[in-house]
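One structure is given here, and the rest of the page talks about it.
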Amino acid sequence: MIHNRDKQLSEARFHRLFDDTQAMSIQGYRADGTVVYWNAASEKIYGYSSSEALGNSLYDLIIPHDQRTEVQQAVAWMFEHKQGIPPARLNLKHKDGSTVPVYSSHTVVALPGDEPIMFCMDADMRALEIAEAEVQRLSYYDPLTNLPNRRLLLERIASMMRNGNNERSVAALLIVDIDNFHSINESLGYSSGDRVLVHCATCLQRFIASADDLARLGKDEFVVLLPYSASTFDAAAAEAERLAAQLLDKLKTPLMLEGNTHQFKACIGITLFHHPGNQAGDELVRQADIALKTAKQSNTTAISFFDQKMEAIVKERLQLSQALNHAVENQELALALQPQVDTQQQVIGFEALLRWQHPKFGSVSPSRFIAIAEASGSIVEIGDWVLQQCCEKLVQWQQTGRKSLTISVNVSSVQFRRGDFLSRVQHILEHTGANPNHLRFELTESLIADDIDFIVAQMEALRALGLSISLDDFGTGYASLAYLTQLPLDELKIDRAFVNDLDKHSKGELLTETIISLGRSMNLAVIAEGVETQEQFKRLQAMGCEYFQGYLFGKPRIEPDEF
């Protein structure tokens, strides 16, 4: 009596446990497939209520027709051997006929004196399959634009290289880069930047034949594939250039952001290739990127094609960049000092001009290596070295009785915009003991194109250390009068292009007179660079210029002690 009551209590507990299990469908079956147990989770997964399922056949309820024979054999084996089979993923059938993916485990419970029952425990895999599909999608598609990503692009190219008819065709790969995209993120926020990317993707999609022919490479770059069957490079180039022009035009479609209308410009780099072939997709992307950089640097075109000459230039730039990383430690750098004079041609100071003598590349022009140093970041270490040398030269002059001489140092915008620039300058001044009153920083107009508040604060902090500041190549860049009045300057420097154009009634003469007059009105010193003839010297004096620099007074020299 007690034994039966315990058995009943135990069965009740297990029934309650099975019934309340929401995440796992549990079903019980006789050897012929008749349902004897069906919990609430089974109804949720398969659509049949307990009353609908009990007494009916497993094979009629949830087993697809094409699996029925296989399942019957498996059920017969389990009852024969009184054990389950290994768990597996199965695609079973819902009441409405749809497929239900489950992870199914089985066991046979055979108690003495009782009919053996097979229990199936099924975990619903639909949510997992959706998640897996999403992971798969994210592996191949950009989540913002829903375009193929770099991985799918490279697989697409690999497929083109493998497949094709016996005749090789010429195709094109275009990289499209949106101009000044970073300024949208910085000024309007990342949500506006995302809208711009989606807008650009929509514009580009109008020109592709297949969804796989357009991909988002990353940031603000897109790739367009033209897998057409042109027989020659000339024909493919013409078609690619025509398409590129259409893309640039379409990207100008206006977009409203924060209540204002914006239009977008772009640059495009193009490379052509045979297919089928053996070129890797990464190599084609690299070639188009080289062409893109050329287009971005051009003042005349927004479209550029890759060629081997470009590749040689890029490789040389890479070699120079790597060499620059060791230029300071290898003592390959030197400073050439060019004198600056007053109206009496008395030397008042020097501009420090950087020179690089490399054992392999020889004498490398600053016009070549400065931009590379800025792009790689090595300009920071090089700039510190230049400042250190100039400060040591000032101390040397002070000790030899030439205390009035000044040194002008060119400062890169990359250096100037660093948060630690001020502390670096202060450390070098303290370390060398140089008098900052004889040190002048020359800044270019391009520096003040953005974030004028930060620029002004940085300049004021430098002047507080005792330095003076000159605006180099004034009149050639971005400075407006509104900006100029905000800048704590000490000097304006007239660009050599204006000095070379001092004929009467010329544009150079007018601009030079304007700069000199502006400097006087703002109580700023004005110095003209590139003075090479007595005629230029006299003409500038007649205009009211007080300080001069150029070959007429001395070329840049490594050891200018004779001045």
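Would you check if there is a residue in the range 137-144 being in a strand (DSSP E or B), more than 21 Å from Pro276 (Cβ to Cβ) and open to solvent by 10 Å² or more (accessible area, probe 1.4 Å)?
Yes, there is a match, as at least one residue in the range 137-144 is in a strand (DSSP E or B), more than 21 Å from Pro276 (Cβ to Cβ) and open to solvent by 10 Å² or more (accessible area, probe 1.4 Å).
Give me the residue from the range 449-464 that is open to solvent by 50 Å² or more (accessible area, probe 1.4 Å) and not aromatic (Phe, Trp, Tyr) and, out of that set, modelled with the lowest pLDDT. Break it down stepwise before answering.
Of all residues in the range 449-464, those open to solvent by 50 Å² or more (accessible area, probe 1.4 Å) come to 450-451, 453-454, 457, 460, 463-464.
Among the residues that remain, those that are also not aromatic (Phe, Trp, Tyr) are: 450-451, 453, 457, 460, 463-464.
Values: Asp450: 62, Asp451: 72, Asp453: 84, Ala457: 92, Glu460: 96, Arg463: 96, Ala464: 96.
Ranking the candidates gives Asp450 first.
If you take the residues of the range 416-428 that are farther than 21 Å from Glu445 by Cα and among the charged types (D, E, K, R), which of them is least open to solvent (accessible area, probe 1.4 Å)?
Asp420
Arg151 versus (1) modelled with pLDDT of 90 or more; (2) over 30 Å from Gly218 (Cα atoms): which is the lone unmet condition?
(2)
What are the residues in the range 172-196 that are of a type in the set (D, E, K, R) and open to solvent by 20 Å² or more (accessible area, probe 1.4 Å), if any?
Step one: filter the range 172-196 for residues of a type in the set (D, E, K, R), giving 177, 179, 186, 194-195.
Once the filter is applied, which keeps residues that are of a type in the set (D, E, K, R) and open to solvent by 20 Å² or more (accessible area, probe 1.4 Å), the range 172-196 yields Asp179, Glu186, Asp194, Arg195.
So Ile157 fits all but one of (1) farther than 17 Å from Met24 by Cα; (2) surrounded by fewer than 18 Cβ atoms within 10 Å (Cβ to Cβ); (3) among the β-branched types (Val, Ile, Thr); what number is the exception?
In the conditions (1) farther than 17 Å from Met24 by Cα; (2) surrounded by fewer than 18 Cβ atoms within 10 Å (Cβ to Cβ); (3) among the β-branched types (Val, Ile, Thr), Ile157 misses (2) alone.
Considering only residues that are assigned to a helix (DSSP H, G or I) and more than 25 Å from the chain's Cα centre (by Cα), which ones fall in the range 189-239?
Hits for the range 189-239 are Phe233, Asp234, Ala235, Ala236, Ala237, Ala238, Glu239.
Filter the range 116-153 for residues that are in contact with a Pro (Cβ under 9 Å, 6 or more places away or on another chain) and within 30 Å of Val71 (Cα to Cα) and give the result.
Within the range 116-153, Met121, Asp124, Met125, Arg126, Leu128, Glu129 qualify.
Being under 24 Å from Glu532 (Cβ atoms) and without any contact (Cβ under 8 Å) to a residue 24 or more places away in the chain is the filter here; which residues of the range 328-355 pass it? Before you say what the answer is, go through the steps one by one.
Just the residues of the range 328-355 that are under 24 Å from Glu532 (Cβ atoms), to begin with: 334-355.
Within the range 328-355, Gln344, Gln346 qualify.
With (1) farther than 24 Å from Leu144 by Cβ; (2) not in a helix (DSSP H, G or I) as the list, and Lys252 as the residue in question, which single condition is left unmet?
(1)
Can you tell me which of (1) in contact (Cβ under 8 Å) with a residue 40 or more places away in the chain; (2) on the phi < 0 side of the Ramachandran plot is the one His358 doesn't meet?
(1)
Can you spot a residue in the range 381-388 that is at pLDDT below 90 and touching a helix residue (DSSP H, G or I) at 6+ places or on another chain (Cβ under 6 Å)? So that I can check it myself, show each step before the final result.
Here is the first cut: in the range 381-388, the ones at pLDDT below 90 are none.
No, the conditions are met nowhere in the range 381-388.
Only one of Glu155, Glu134 is within 30 Å of Ile303 (Cα to Cα), under 33 Å from the mean Cα position of the chain (by Cα) and part of a helix (DSSP H, G or I); which?
From the options Glu155, Glu134, the qualifying one is Glu155.
I need the full set of residues from the range 483-514 which are open to solvent by less than 10 Å² (accessible area, probe 1.4 Å) and under 29 Å from Leu439 (Cβ atoms), in order please. So that I can check it myself, show each step before the final result.
Narrowing the range 483-514 to residues open to solvent by less than 10 Å² (accessible area, probe 1.4 Å): 484, 491-494, 499, 508, 512.
Once the filter is applied, which keeps residues that are open to solvent by less than 10 Å² (accessible area, probe 1.4 Å) and under 29 Å from Leu439 (Cβ atoms), the range 483-514 yields Leu484, Glu491, Leu492, Lys493, Ile494, Val499, Thr512.
When the residues of the range 249-273 are filtered to those that are aliphatic (A, V, I, L, M) and within 21 Å of the chain's Cα centre (by Cα), which remaining residue is surrounded by the fewest Cβ atoms within 10 Å (Cβ to Cβ)?
Going through the qualifying residues, I end up with Leu251.
Among residues belonging to the range 322-347 that are outside any loop (DSSP other than H, G, I, E, B) and under 22 Å from Cys545 (Cα atoms), point out the one that is most open to solvent (accessible area, probe 1.4 Å).
Ranking the qualifying residues of the range 322-347, first place goes to Val347.
Mind counting the residues in the range 507-527 that are part of a helix (DSSP H, G or I) and touching a residue at least 40 places away in the same chain (Cβ under 8 Å)?
Here is the first cut: in the range 507-527, the ones part of a helix (DSSP H, G or I) are 507-521.
If we keep only those that are touching a residue at least 40 places away in the same chain (Cβ under 8 Å) as well, we get 515.
Total meeting the criteria: 1.
Counting only residues that are open to solvent by 50 Å² or more (accessible area, probe 1.4 Å) and either over 26 Å from Arg168 (Cβ atoms) or not small (Gly, Ala, Ser) (or both), how many does the range 235-244 have?
The total comes to 3.
Is it the case that the range 274-296 has a residue that's part of a strand (DSSP E or B), open to solvent by less than 30 Å² (accessible area, probe 1.4 Å) and at negative phi?
Scanning the range 274-296 turns up at least one residue that is part of a strand (DSSP E or B), open to solvent by less than 30 Å² (accessible area, probe 1.4 Å) and at negative phi.
List every residue pair whose Cβ atoms lie under 6 Å apart, where the two residues are 6 or more positions apart in sequence or sit on different chains, the first residue falls within the range 528-543 and is closer than 14 Å to Leu511 by Cα, and the second residue, located anywhere, is among the acidic types (Asp, Glu).
Met543/Glu513
I'm checking my understanding of the structure. Among residues of the range 399-415 that are open to solvent by 20 Å² or more (accessible area, probe 1.4 Å), in contact (Cβ under 8 Å) with a residue 40 or more places away in the chain and over 41 Å from the mean Cα position of the chain (by Cα), which one is farthest from His438 (Cα to Cα)?
So the residue we want is Ser404.
Quick check: anything in the range 105-127 in a loop (DSSP other than H, G, I, E, B) and buried (at least 17 other Cβ atoms within 10 Å of the Cβ)?
Going residue by residue through the range 105-127, those that are in a loop (DSSP other than H, G, I, E, B) are 110-116, 125.
Keeping just the survivors that are buried (at least 17 other Cβ atoms within 10 Å of the Cβ) gives 125.
The answer is yes, given that some residue of the range 105-127 is in a loop (DSSP other than H, G, I, E, B) and buried (at least 17 other Cβ atoms within 10 Å of the Cβ).
Okay, residues lined up against (1) closer than 26 Å to Ala528 by Cβ; (2) hydroxyl-bearing (Ser, Thr, Tyr); (3) modelled with pLDDT of 95 or more:
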position: Ala373; (1), (2), (3): no, no, no
position: Arg402; (1), (2), (3): yes, no, no
position: Leu447; (1), (2), (3): yes, no, no
position: Ser468; (1), (2), (3): yes, yes, yes
position: Thr476; (1), (2), (3): yes, yes, no
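Can you find, within the range 530-562, the residue that is surrounded by the fewest Cβ atoms within 10 Å (Cβ to Cβ) among those that are in a helix (DSSP H, G or I) and charged (D, E, K, R)?
Only one residue fits best here, namely Lys538.
Is there any pair with a first residue in the range 112-128 that is free of Cβ contacts under 8 Å to residues at least 12 places away in the same chain and within 20 Å of Pro101 (Cβ to Cβ) and a second that is outside any loop (DSSP other than H, G, I, E, B) and among the aromatic types (Phe, Trp, Tyr) whose Cβ atoms are under 6 Å apart and which are 6 or more apart or on different chains, and what are they?
Listed pairs, sorted by first residue: none to list.
The values are calculated or read from the model by the stated rules, or taken from the named source; none is laboratory data. All figures in this text were calculated on a predicted structure; none of them were measured in a lab. Note: ideal-geometry Cβ built from the backbone for every residue, glycine included; neighbour counts use all protein chains shown. Protein only, heavy atoms only, side chains kept; ligands, DNA and RNA dropped before computing areas. Shrake-Rupley method; radii C 1.70, N 1.55, O 1.52, S 1.80 Å.
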